[in-house]
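I have placed the structure first, in the form of structure tokens, so that the comments after it can refer back to it.
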Ligand code: ASP
């Protein structure tokens with residue numbers, strides 16, 4: 001019997017309490033991680049995941065999510081999925097009924113979700129449309145000195161897509177992909193991530209969250225890690241895998257996280273933005289690192305009083 005523990009990135013507090021309830025009643029880490037991320041995907045005040053996520057440059061929300069099981073290193077992901085509010089559950093279904101594959105994207109992922117009976121939904125809210133329109137206005141203004149655009153669509157996309165990608169800046173406050181890692185009482189460890197990806201991204205762009213070893217990696221021998229932020233950097237260094245490799249070499253969790261961020265930070269990248277990571281070991285040690293001050297991750301154990309925020313070490 002292991003002592004259950006669950007950690008999550010900023011804003012995972014929308015889902016961790018329910019996941020903890022499950023874990024403490026003996027549920028599997030897989031059930032707990034899925035439950036946590038579903039609640040985060042349903043949080044319409046969070047614009048970086050699920051319903052009310054921020055859209056791509058065409059005004060369409062495209063979601064990425066993945067799950068990895070520590071004992072088998074089974075991995076399942078979906079990428080660029082439209083109109084399905086719970087990509088983490090579609091990823092789980094891939095894990096369970098399509099084990100010959102690891103990753104489904106776009107139309108194929110949506111076909112699979114439809115076959116499996118998942119409900120579709122309009123994921124844009126009034127607020128996310130307003131945010132999208134505002135960003136288009138700013139962008140077109142700077143291209144043509146006008147302030148006349150009112151609706152998103154292909155024409156606007158052609159004018160603005162590249163500039164939007166360049167102009168994107170994270171909002172104030174915590175933002176980005178949500179990571180959750182749980183260890184259950186049976187000793188199994190599962191890591192999951194869910195995201196609407198980079199706002200205003202090129203349609204079809206898939207980030208680190210759907211790529212094994214980049215945004216998500218779990219190996220029960222050493223631990224699990226996941227990433228938030230600049231997905232292309234996480235992909236280029238295979239960030240989550242690199243953190244787990246650090247754990248395997250005997251680094252403490254904070255150092256394993258910091259070592260990966262340092263390597264990512266050395267790469268040339270004109271679109272550089274914050275990259276954060278966190279990890280958990282099978283014996284319950286955990287850590288997190290960030291390039292910016294004030295960044296935290298969440299923890300629940302039998303000893304914490306609900307969700308406890310832990311400071312990430314800074315690069
Ligand atoms: N990692 C996400 C991606 O690259 C973005 C984020 O976390 O903000 O899609």
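Just so you know, all these numbers are worked out from the coordinates, no wet-lab data involved. This is a predicted model, so every value here is computed, not measured. FYI the Cβ positions are ideal-geometry reconstructions off the backbone, even for glycines, and counts take in every protein chain you see.
Things to note:
- Dimensionless Rg/Rh of the range 159-315 - Kirkwood Rh, Rg from C-alpha atoms: 0.98
- Relative to the longest principal axis of the Cα atoms of the chain, the long axis of helix 87-97 lies at roughly 50 degrees.
- Rounded tilt (10° steps) of 126-144 against the dominant C-alpha axis of the chain: 50 degrees
- Dividing the Cα radius of gyration of the range 232-315 by its Kirkwood radius returns 1.00 for Rg/Rh.
- 129, 200, 175 arranged by Cβ crowding within 10 Å, fewest neighbours leading: 129, 175, 200
- When peptides 182-190, 284-292 are sorted by average Cβ neighbour count within 10 Å, with the highest value leading, the order is 182-190, 284-292.
- Dividing the helix sum by the residues of the chain, where each DSSP H run of 4 or more adds -39500 (n - 2.57), gives a mean residue ellipticity at 222 nm of -10500 deg cm²/dmol.
- Taking the Kirkwood radius as Rh and the Cα radius of gyration as Rg, the chain has a ratio of Rg/Rh equal to 0.97.
- With all pairs of separate Cα atoms included, the range 52-120 yields a Kirkwood hydrodynamic radius of 12.1 Å.
- Rounded to 10°, Cα long-axis angle of helix 106-115 versus longest principal axis of the chain: 60 degrees
- Ordering of 44-52, 76-84 by burial proxy (mean other Cβ atoms within 10 Å per residue, highest first): 76-84, 44-52
- Per residue, the convex hull spanned by the Cα atoms of the range 1-116 measures out at 107 cubic angstrom.
- Cα-only Debye scattering, the range 195-242: base-10 log of I(q)/I(0) at q = 0.31 Å⁻¹: -1.10
- From most to least packed by mean Cβ count within 10 Å, the peptides 108-114, 272-278, 67-73, 237-243 give 237-243, 272-278, 67-73, 108-114.
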